[in-house]
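Take a look at the structure set out below.
Computed from the coordinates by the stated procedures, all read-outs in this text should not be read as laboratory data. Predicted, not measured: the structure shown is a model, and the values here were computed from it. Note that each Cβ is placed from the backbone with ideal geometry, even for glycine, and that neighbours are counted across all protein chains shown.
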Amino acid sequence: MQFTDLKAQYGALKQSIDARIQRVLDHGQYIMGPEVAEMEQALAAYSGARHCVAVASGTEALLIALMALGLKSGDEVITSPFTFAATAETIVLAGGVPVYVDIEPDTCNIDARLIEAAITPRTRAIMPVSLYGQAADMDDINAVAARHGLVVIEDAAQSFGASYRGRRSCNLSTIGCTSFFPSKPLGCYGDGGALFTSDDALAQAAREIRVHGQSGRYHHTRIGVGGRMDTLQCAVVLAKLERFDWELQRRRELGQRYRERLAASGAEAGLLAVRDDRDCVWAQFTVLVDDRATVQKALQAAGVPTAVHYPKPLHHQPAYAAGHDAAAHPCSVRAAQRVLSLPMSADLTEADQDRVVAALVQATRTPAASVAVA
Ligand SMILES: *Cc1c(COP(=O)(O)O)cnc(C)c1O
């Protein structure tokens, strides 16, 4: 059983992926070839945002977004401490200071009610993360931001395709940033990412920053980065779009099936909440367990691969801990101890999913001592 079954996905899309890659090999425009604009147009239309700017990775999308906003040294950006490091890393790289606000224990997304208290005269932006594929309370966050003149950047690396109140992730705030890392809901075959906005000036700034701050060939009007996405990777995304809606549907069905089976099974695993006004595309299907190391070992012995997203909140990470109280953000600290991600992809079979559920029942109901002996 695969944690993310990319081989089965390739098998299903082989003809289109091979043909699209061959087309790039034939025209030879490996940098900024026609597939880049073609993908940008397709994804902008999909998200509902006016502009999509393809960039080298999800991390680069976040960095370019902050640079396009003109973040200044010492500017504060409010974000969740329970996320992948890239979220805070890009804030620091852009000269900013990450300010953490704790998560809701039932969704693991930033708690919008706690944001206002963290705003200071130096706050410039709020960067909520749509963790595991479900958006945070974006309208509440946008409202707080509007009251204080702040910009909201959605870290949508895990949520491309997700819906929130009739809109799509990446088009829920001023800027949305996603990743095409192979295992994300919409992945390529290497690194890739994109930034979405309906603000013409921000889109133009992002396009220039992506190519070393050039507004024209060898005319550098701002500091930029080498942040382009390869033509070949855009070709892969275009091919994957052919069955993306089916994949999302399948992910939602499998997510719902996991929830029903786990709830009925008596497995001692907590389920995350999905709010009524949005959906989750299950970039990760994550549950909450006690004594995670033992459960993970038992699952591994049963042939079920798992992962932990993420084992430490950022304010406990050596590179990000300075100046932060380790006891702060207790919901993030507790989630980091308990989260466990189970196999999930559109090609996960129901038979394999049933094996995961059975193994989890066994692993969480067996006393730790007997698992350790086994
Ligand atoms: C994957 C991910 C990123 C970074 O994306 P890359 O394409 O790997 O650079 C950023 N934030 C979150 C929440 C992610 O899951």
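What the table below lists for this structure:
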| item | result |
| --- | --- |
| Every residue from region 106-149 that is polar (S, T, N, Q), over 18 Å from Pro313 (Cα atoms) and within 16 Å of the ligand (Cβ to nearest atom) | Gln134 |
| In region 317-345, the residues that are more than 17 Å from the chain's Cα centre (by Cα), over 17 Å from Leu288 (Cβ atoms) and surrounded by 17 or more Cβ atoms within 10 Å (Cβ to Cβ) | Tyr320, His324 |
| Cβ pairs under 8 Å, 6+ apart, first in region 14-32 and of a type outside the set (Asp, Glu), second in a loop (DSSP other than H, G, I, E, B) | Val24/Tyr30; Val24/Gly33; His27/Gly33; Ile31/Arg228; Met32/Arg228 |
| Total residues in region 1-25, condition surrounded by fewer than 18 Cβ atoms within 10 Å (Cβ to Cβ) and of a type in the set (Ser, Thr, Tyr) | 2 |
| The listed residue being in contact with a Cys (Cβ under 9 Å, 6 or more places away or on another chain) and surrounded by fewer than 22 Cβ atoms within 10 Å (Cβ to Cβ), out of Asp111, Asp140, Asp155 | Asp111 |
| Filter result for Asp291 (in contact with a strand residue (DSSP E or B) (Cβ under 9 Å, 6 or more places away or on another chain) and in contact (Cβ under 8 Å) with a residue 24 or more places away in the chain) | no |
| Filter result for Ala54 (part of a helix (DSSP H, G or I) and among the small types (Gly, Ala, Ser)) | no |
| Condition broken by Val55, with the remaining ones in (1) over 16 Å from Gly176 (Cα atoms); (2) surrounded by 24 or more Cβ atoms within 10 Å (Cβ to Cβ) satisfied | (1) |
| Residue ID - nearest to the ligand (Cβ to nearest atom), chosen from residues in region 172-195 that are hydroxyl-bearing (Ser, Thr, Tyr) and in contact with a Ser or Thr (Cβ under 7 Å, 6 or more places away or on another chain) | Ser179 |
| Test: residue in region 254-274 that is part of a loop (DSSP other than H, G, I, E, B), within 16 Å of the ligand (Cβ to nearest atom) and surrounded by 15 or more Cβ atoms within 10 Å (Cβ to Cβ) | yes |
| Neighbours by Cβ (under 6 Å, 6+ apart or cross-chain): first from region 49-66, within 8 Å of the ligand (Cβ to nearest atom); second in a helix (DSSP H, G or I) and not hydroxyl-bearing (Ser, Thr, Tyr) | Thr59/Ala86 |
| Candidate set: region 150-171, residues that are under 16 Å from Glu247 (Cβ atoms) and not hydroxyl-bearing (Ser, Thr, Tyr); chosen: the one farthest from the ligand (Cβ to nearest atom) | Arg168 |
| Answer residue from region 257-278, given it is under 20 Å from the mean Cα position of the chain (by Cα) and not charged (D, E, K, R) and is nearest to Ser163 (Cα to Cα) among those | Val274 |
